[in-house]
Amino acid sequence: MSRTVAVARMQLINKWTYIGWPLTILLASFLMSLAIFALIPVQEGKYGGGSQAPMWYFLVLGIQSMTLVFPFSQGLSISRRAFYLGTLSLFSLIAVGMTGLYLLGGVIEKATNGWGVYGYFFSIPWVTDGPWYSTAAFFFVVMMFMFIIGFWFATIFKRWGTSGTLVSTLGSAVVLIGLAALTTLLEWWGYVGAWFAQQTPLSISGWAALLCVVLAAGSYSTLRRATP
Amino acid sequence: MNDTIVEARNLIKHYKDLNALDNVNLSLSANRIYGLLGRNGAGKTTLMSVLTAQAFATSGEALVFGANAYENDAVLSRICFIRESQKYPDDFQPRHAFRSAALFYKNWDQGLADRLAADFQLPVKRRIKKLSRGQLSAVGVIIGLASRAELTFFDEPYLGLDAVARQLFYDRLVEDYAEHPRTIILSSHLIDEVANLLEHVVVIDRGRIIMDADAEEIRGSAVTVSGSAEKVDAFLAGRKILHRETLGSLASVTVDESLGSRERAEAQELGLELSPVSLQQLVVRKTMAGAGGAGHTAGTGDFSDDTLEARR
């Protein structure tokens, strides 16, 4: 247990990686969005997609945690289990903190009528329409999903190299195309559309969380036999 | 004092087209300095990786402190193995790496790490990515020494280090080992440089252990006899010849045997010269002898059959 906590502390030794960069990216994207909102001379709600910027960094963070920090952790004789649990728990905490910021930003945004320029950075139509916990769940799960998918691809790369990564990427693509083809053949698109129309941000979060758990379990079993 | 802390039984590591480890049996005792010697690609790093559960054996058993190190925190916390090509997080500086190590090794000595960093003139606030090869080696050496792990592996720690830095490393290693005895495994192909440090020598070649003996035992276990070819051959008839060189009518022959005092006297009477064989020469000769038929310099083709006979 203490070694799991030590892994989390090790990931935080350079504060920029898990804390500094996400905040910097969020702030930079926020300021740029505000500038653009202010430049658009429209007196009604303007929505930008800028708040997704840190999410892409989390994808990279997931990849790097695996490709660069894992080999180092092996040099310090850290078990794969401690590395996995420590890294994933730390990121969960970071995602909780970021979600808090997003919620807070959303509240201020509404109170100030879009920062005084009718610009909405944290509010996203449909996503943030529900109650606060639905918005929170959505942001949290998306952050976890980005990190875990990066981590998962990196584990595949570590274990099976370039060819393994290619096979799993192409394999996933083939499966998706196959499903789409099947849906078309069986003329099920109507049902699919209806299903999506029924979803709320909260239920989408639930499905994504399920996918996260599957991917996280998959990366752990792959990591168990990975070498640095 | 002589507790076995590492035990390898029939270790085999098979890659697609080669046996990186070919039935390795090895047993290492506590509180000694071991040399793991061998050519590049002989299997040194693979062996260390398998022992520390960084890599997996195809078959066989590797026990460290009596148990398999794999996912075993109790065992792993007593091991330090920074590999020669160790990777560090992209944004890490040496001081970050040291602080990380301090989190995991209960005997970590920050003072020692600081002194070593000064000795090696290591810029501790530069990104590791931007360090030179020698400075990168220094980071590994400092973690290895300052962690004071009961079982510490140094994987060719001198790469890129200049002669002064290498000497510093050897000196600091011996000093710290004297104060804090532990088991150190030093993998190297610069054998002469480390020969004096080693208490026990393990030589690996193409995945097989070809020598596993105390350094004391090895010193004097082989001898080179030189003089007129005829006399040398007569004197050494029937002995285990490792290597033979001729120059005109003179021959210089290395035998894998020690000579008793009577034989030494006899050699002196015959006017033959006896010279000790350095550890490096011995390892080179044994490795080449193992490769079969190599180990001859040009112009000695005539003797190759004899040499092979003698070896049999």
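Structural remarks
- Here B:Q121 meets the list (1) at pLDDT below 95; (2) over 22 Å from B:L37 (Cα atoms); (3) not charged (D, E, K, R) almost entirely, failing just condition (1).
- B:E217 vs. criteria in a loop (DSSP other than H, G, I, E, B) and among the acidic types (D, E): no
- Residue pairs whose Cβ atoms lie under 6 Å apart, sitting 6 or more positions apart in sequence or on different chains, and linking a residue in the stretch B:82-98 that is more than 7 Å from every other protein chain (Cβ to nearest Cβ) to a partner that is of a type in the set (S, T, Y), are B:A97/B:Y88.
- Of all residues in the stretch A:42-92, those satisfying the criterion of being assigned to a helix (DSSP H, G or I) and charged (D, E, K, R) are A:R80, A:R81.
- Of the listed requirements (1) assigned by TED's automatic domain parsing to the domain that holds B:K13; (2) in a strand (DSSP E or B); (3) surrounded by 19 or more Cβ atoms within 10 Å (Cβ to Cβ), B:L173 misses just one: (2).
- Filtered residue count, the stretch A:189-228, keeping only those that are farther than 18 Å from A:S92 by Cα and either within 14 Å of chain B (Cβ to nearest Cβ) or of a type outside the set (F, W, Y) (or both): 20
- Filter result for A:T4 (more than 9 Å from chain B (Cβ to nearest Cβ) and either out of contact with any Lys or Arg (no Cβ under 7 Å at 6 or more places or on another chain) or at pLDDT 95 or above (or both)): yes
- The stretch A:93-128 - residue that is part of a loop (DSSP other than H, G, I, E, B) and among the polar types (S, T, N, Q) and, of those, nearest to A:K15 (Cα to Cα): A:S123
- Residues being part of a helix (DSSP H, G or I) and crowded, with 24+ Cβ neighbours inside 10 Å - total across the stretch B:142-168: 5
Every residue, every condition in (1) part of a strand (DSSP E or B); (2) aliphatic (A, V, I, L, M); (3) at pLDDT 95 or above, yes or no:
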| site | (1), (2), (3) |
| --- | --- |
| B:L197 | no, yes, no |
| B:E230 | no, no, no |
| B:D233 | no, no, no |
| B:R239 | no, no, no |
| B:H243 | yes, no, no |
| B:S258 | no, no, no |
| B:E266 | no, no, no |
| B:V284 | no, yes, no |
| B:G290 | no, no, no |
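- Single residue of A:S73, A:S79 found to be touching an Asp or Glu at 6+ places or on another chain (Cβ under 7 Å) and of a type in the set (S, T, Y): A:S79
- Residue check: B:K125 meets all listed conditions (1) closer than 23 Å to A:T67 by Cα; (2) basic (K, R); (3) more than 10 Å from chain A (Cβ to nearest Cβ); (4) in a helix (DSSP H, G or I) but one, namely (4).
Residues checked against (1) touching an Asp or Glu at 6+ places or on another chain (Cβ under 8 Å); (2) closer than 28 Å to A:S89 by Cα; (3) touching a residue at least 24 places away in the same chain (Cβ under 8 Å):
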{"position": "A:W16", "(1), (2), (3)": "yes, yes, no"}
{"position": "A:I19", "(1), (2), (3)": "no, yes, yes"}
{"position": "A:S33", "(1), (2), (3)": "no, no, yes"}
{"position": "A:L39", "(1), (2), (3)": "no, no, no"}
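- From A:G20, A:G75, A:G49, residue being on the phi < 0 side of the Ramachandran plot, over 14 Å from the mean Cα position of the chain (by Cα) and more than 14 Å from chain B (Cβ to nearest Cβ): A:G49
- The set of residues in the stretch A:7-16 that are touching a helix residue (DSSP H, G or I) at 6+ places or on another chain (Cβ under 7 Å), assigned to a helix (DSSP H, G or I) and within 7 Å of chain B (Cβ to nearest Cβ) comprises A:R9, A:M10.
The values are calculated or read from the model by the stated rules, or taken from the named source; none is laboratory data. Note that the structure is a prediction, hence the values are computed from the model and not measured. Positions of Cβ are generated from backbone atoms using ideal geometry, with glycine treated the same way; all protein chains shown enter the neighbour counts.
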